[in-house]
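Participant: The structure's right below; bear with me while I get my questions together.
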Amino acid sequence: MAGYLVEDQRKVTTLRLIEMKREGKKIAMLTSYDYTTAQITDQAGMDVILVGDSASNVMAGNWTTLPITLDQMIYHAKAVVRATKRALVICDMPFGTYQVNETEAVANAIRIMKETHCDALKLEGGVEILPAVKKILDAGIPVCGHLGLTPQAINKFGTYAVRAKEEAEAQKLISDAKALEEVGCFAVVIEKVPAALATKVAQDLKIPVIGIGAGGGCDGQVLVIDDMMGKTQGFSPKFLRRYANLSQIMTDAIGRYVEDVKSCDFPNEKEQY
Ligand code: KIV
């Protein structure tokens, strides 16, 4: 039953995450996209709920995160915020909403904050997007960076393989992470890079580094809820630990319901008015 008992029931803030790093306390982060799932996730003791643009894959069935729109992210984030009492809620800025220029980026960031009441935003990229990150921070909006495998750039990478194995890309990741910290980001997500590199970045930075497929040396971990709950099928990267087999549990339950309806077992006398 571990995880249900969080010692500090106060709402998690960006400042608290930085303190947790200083105190050597690991940060637990998980995605959610809807009200009921976010309520369970929050009640289970999650520190951070990410309304990830992975909603594009797991909610809408797209191959990539690119198609999800600003309106769709706002819809998901509103539902998650309504359900969440303690966790910090971060919403992903979707592809195309912050890359054009800083003015558009900050306008879209403000719209997400105003309409969803989430606590912070996440943007993918390093020095290339620094002007947009600065402008959003200047508007008083907390920003979490995202480096390594950045799924919005999948068409440029051409593969979901491990990033930054080569020295040049590793050096760029280190300097990007430093630049994001210097400009004022409160955390950085690092996805699918060698564990030694992520550990070095976590040691170099004062802000928390949250890893996904980046090893145990990070200050916290994030997973996509549908993956760790075993709802997604045919996706089993090395870094993914499955905590349940929901696809099997749901198939069994739904199958029994179908049988009960067809055999006239459901509803019985006690289940009607
Ligand atoms: O969109 C998402 O779910 C993410 C995580 C994989 C970090 O960005």
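The values are calculated or read from the model by the stated rules, or taken from the named source; none is laboratory data. None of these values were measured; they are calculated from a predicted model. For neighbour counting, all protein chains shown are included, and Cβ atoms are generated from backbone atoms with ideal geometry for every residue, glycine included. SASA here: full protein model, heavy atoms, side chains in, ligands and nucleic acids out. Shrake-Rupley method; radii C 1.70, N 1.55, O 1.52, S 1.80 Å.
Participant: Could you grab me the full set of residues in region 202-230 that are in contact with a Leu (Cβ under 7 Å, 6 or more places away or on another chain) and either surrounded by 20 or more Cβ atoms within 10 Å (Cβ to Cβ) or small (Gly, Ala, Ser) (or both)?
Facilitator: 208, 212, 222, 223, 225, 227, 230
Participant: Right, next: List pairs: first residue in region 119-145 and farther than 19 Å from residue 12 by Cα and among the β-branched types (Val, Ile, Thr), second residue in a loop (DSSP other than H, G, I, E, B) and open to solvent by 20 Å² or more (accessible area, probe 1.4 Å) anywhere in the structure, Cβ distance under 9 angstrom, at least six positions apart or on different chains.
Facilitator: 129/99; 133/184; 136/142
Participant: Does any residue of region 200-209 turn out to be assigned to a helix (DSSP H, G or I) and either in contact (Cβ under 8 Å) with a residue 60 or more places away in the chain or within 15 Å of the ligand (Cβ to nearest atom) (or both)? Please lay out each step first, then the result.
Facilitator: Residues of region 200-209 that are assigned to a helix (DSSP H, G or I), as a first pass: 200-204.
After this cut, where a residue has to be either in contact (Cβ under 8 Å) with a residue 60 or more places away in the chain or within 15 Å of the ligand (Cβ to nearest atom) (or both) as well, the list is none.
No: zero hits.
Participant: Right, next: Take residue 109 and tell me if it is assigned to a helix (DSSP H, G or I), touching a residue at least 24 places away in the same chain (Cβ under 8 Å) and buried (at least 21 other Cβ atoms within 10 Å of the Cβ). Walk me through how you get there before you give the answer.
Facilitator: Working: assigned to a helix (DSSP H, G or I): yes; touching a residue at least 24 places away in the same chain (Cβ under 8 Å): yes; buried (at least 21 other Cβ atoms within 10 Å of the Cβ): yes.
Yes: the conditions hold for residue 109.
Participant: Note down all Cβ pairs under 6 Å where the first residue falls in region 58-79 and is closer than 13 Å to residue 96 by Cα, the second is open to solvent by 60 Å² or more (accessible area, probe 1.4 Å) and in a loop (DSSP other than H, G, I, E, B), and they're at least six residues apart or on different chains.
Facilitator: The qualifying pairs are 66/95.
Participant: May I pose another question? Please determine whether any residue of region 49-63 is in a loop (DSSP other than H, G, I, E, B), open to solvent by 30 Å² or more (accessible area, probe 1.4 Å) and in contact with a helix residue (DSSP H, G or I) (Cβ under 6 Å, 6 or more places away or on another chain).
Facilitator: So far as region 49-63 goes, yes, one or more of its residues are in a loop (DSSP other than H, G, I, E, B), open to solvent by 30 Å² or more (accessible area, probe 1.4 Å) and in contact with a helix residue (DSSP H, G or I) (Cβ under 6 Å, 6 or more places away or on another chain).
Participant: Now for a different question. Looking at (1) open to solvent by less than 50 Å² (accessible area, probe 1.4 Å); (2) within 14 Å of the ligand (Cβ to nearest atom); (3) within 23 Å of residue 188 (Cα to Cα), find the lone condition where residue 95 falls short.
Facilitator: (1)
Participant: Then there's this: Of (1) part of a loop (DSSP other than H, G, I, E, B); (2) more than 13 Å from the chain's Cα centre (by Cα); (3) at pLDDT 95 or above, residue 46 satisfies all except one. Which?
Facilitator: (2)
Participant: If the requirement is being under 27 Å from residue 64 (Cα atoms), more than 15 Å from the ligand (Cβ to nearest atom) and surrounded by fewer than 18 Cβ atoms within 10 Å (Cβ to Cβ), which of these qualifies: 195, 253, 179?
Facilitator: Answer to the selection: 195.
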